[in-house]
Amino acid sequence: MRTQVAIVGAGPSGLILGQLLHKAGIDAVILEAQTPEYVLGRIRAGVLEQVAVDLLDEAGVGSRMHAEGLPHDGFDLLIGGVRHRIDLAGLTGGKRVMVYGQTELTRDLMDARAAAGLKTVYEAKDVSVHDFGGTRPHVRYVKDGAAHEIDCDFIAGCDGFHGVCRASVPKNAIANFERVYPFGWLGLLSETPPVSEELIYAKTERGFALCSMRSHTRSRYYVQVPLTEKVENWSDAKFWDELRRRLDPQANERLVTGPSIEKSIAPLRSFVAEPMRFGRMFLAGDAAHIVPPTGAKGLNLAATDVRCLSRALIEFYAGSEAGIDRYSARCLRRIWKAERFSWWMTMLLHTFPDTNPFEQRALDAELDYVVHSLAGRTTMAENYVGLPFED
C-alpha cells in the first residue's frame, strides 16, 4: 500500500490530522490498534479552547459541537468554602471555552472520515515504523493474521503515551522531561444534571475536587485520592459522600446524585519529549506530551500540534520544507507554556503529602493573590482560554 502520510493512532489528534489533510487533498491512512468501539469508549476531557473550536470548524466537523456543546464564560474557584469566579470572557476580551465531550468529538471525526470513504485500519496489530530517518519511511502491521506494509512520505505518531512511535526513536536522539504527582483523580460520570452552570474547582483540607459536565444532563465529578487508592474501594455512595465534604452548602443543595456510568482513577503527570521531529516522523498529542488535567490542556495541545503539522505538510507538498523544519520548535514553545500552567494550577489547588509548612503558606498566599488581584485573575483566565497561536 502507498500513501502520502501514514498516521499511527485514531484518537483525536490522528483523526483531526487526517481530516485536515483530506481537506487539503493530501492522502493519509490511519492505523489504530483498538476497535472503533474501544476508541469511543474512552472517557476523556471535554473543555475546548477557542483555537480548538476554530480548528474543528476548519476541518468541517464543528456543526454538532456548536449545536450541543456548552459555551462557558467563566468558572468558580472554591477556596476555604468561599467561591471566587474567574470571568474568562471579561478578563480576555470575550474569549470563552466550549464544553464538548471528547467521545462526541471523536464520533464526529470518525463519522466524517467514514462518509468521505477514507481508509482507517482498526485492530492493526504489531505496528512498527521503519526508515523514518531517510526519505522512504514505511509502516508495518498485522491485520487478521496477515502482514501488511505501507510506503509513505511521512509518519505521524499520534499513538499516545504508550505508543510505538516515540518508543522507536533511538534513546540518544530524544530527551524526556517528567514530573509524576503523588495522587490521582477519582472520576465518576453520571446521568445527572450538573451541580452548576460552570465548572467548580475546589481546594479543601481533604483534597481537591472538580465539578464538571458533558451536557445539561450528564455530569463528571472528580476527587483527589492517593496514588495507592483502588477504584474498587469506592462505591457510588462513598464517592458522593466524599464529594459533599469538599463542596460548599450552595453546591450541596443543588447536587443531584445517581448511579455511575463510569468510574476510574487517573494518575497525574507532566511529561514532554523533545524534539518532536525525527527525520520523516513527527510526534503529536500524547505521544509527545502529557499534562495534568487541572488546566484542561491535553486535548487542546493535541489539536494545536496537528494544526501546526497539517500546515507544515501542506507547505511541503507546495514546495517548501520550512514548515516541517520549524514544527518541533513551534509546538514546544506552546507546549511548555501549557505545561507550566497545568503544573501551576495543580500545585495551587491540590494537597501534597510532602509539602512543608513554609511551602504551604507560600502556595496559600499565591492563591489568595490570584483570586483577589486583577492581574492574577487575568493571568489565570488568559492561560485557561488558550494563548494566541503564534503563526
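Every read-out reported here was derived from the displayed coordinates using simple, explicitly stated rules and does not represent laboratory data. Predicted model only: the values in this text are computed from it and were never measured. Virtual Cβ from ideal backbone geometry, glycine too; neighbours counted across all protein chains shown.
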## Note on the structure
For 210-217, 79-86, 371-378, ranked highest to lowest by mean beta-carbon neighbours within 10 Å, the order is 210-217, 79-86, 371-378
### Query
Hey, could you pull the Cα Rg and Dmax for the range 154-257, both in Å?
18.4, 56
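Kyte-Doolittle mean at least -1.0 and Cα extent at least 24 Å along the axis: which DSSP H helices of the chain qualify?
Numbers: long enough: 298-317 (29 Å, 0.59); 322-349 (41 Å, -0.19).
In the chain, the long hydrophobic H runs are 298-317, 322-349.
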### Task
Would you please give the residues with an amide H less than 5 Å from that of Phe75, counting only those at least 5 places away or on a separate chain, with H modeled from the backbone geometry?
Ile86, Leu88
### Query
Any idea how far the Cα center of the range 66-139 sits from the one of the range 307-359, in Å?
15 Å
### Query
Over the range 1-121, what per residue volume does the convex hull of the Cα atoms give, in whole Å³?
128 Å³
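For the chain, what does the relative contact order come out to in percent, with C-alpha contacts under 8 Å and a separation of six or more? Please list the in-between numbers first.
Numbers: 769 pairs, mean separation 78.8, N = 391.
Taking the mean separation of contacting Cα pairs over the length of the chain, I get 20 percent.
Which value in deg cm²/dmol, rounded to the nearest 500, describes the helix-derived mean residue ellipticity at 222 nm for the chain, given -39,500 (n - 2.57) per DSSP H run of n ≥ 4 and division by the residue count? Walk me through the numbers before you get to the answer.
On the way: 13 runs with 147 residues, N = 391.
Calculated at 222 nm, the ellipticity per residue is -11500 deg cm²/dmol.
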### Message
Based on Cα coordinates alone, diagonalise the gyration tensor for the range 248-391, multiply each eigenvalue by 5, take square roots, and list the semi-axes in whole Å, largest first.
### Response
35, 19, 16
## Note on the structure
If N is the residue count of the range 316-368, its Cα Rg over 2.2 N^0.38 Å rounds to 1.91
### Message
Amide H of Val47 versus every other amide H placed in the peptide plane: which residues, excluding those fewer than 5 positions away on the same chain, fall under 5 Å?
### Response
Tyr100
#### Entry: Long-range Cα-Cα pairs in the chain (distance over 36 Å), rounded percent
24 percent
### Message
Using each residue's phi in the range 191-196, evaluate 6.51 cos²θ - 1.76 cosθ + 1.60 at θ = phi - 60° and report the 3J(HN,Hα) Karplus result to the nearest Hz, with x for Gly and Pro.
### Response
7, 9, x, x, 6, 8
#### Entry: Percent of C-alpha pairs per 5 Å bin, the range 131-197, short to long
3, 9, 13, 17, 13, 9, 9, 10, 9, 6, 2
#### Entry: Long-range amide H partners of Phe208 with built H, under 5 Å
Gln224, Thr351
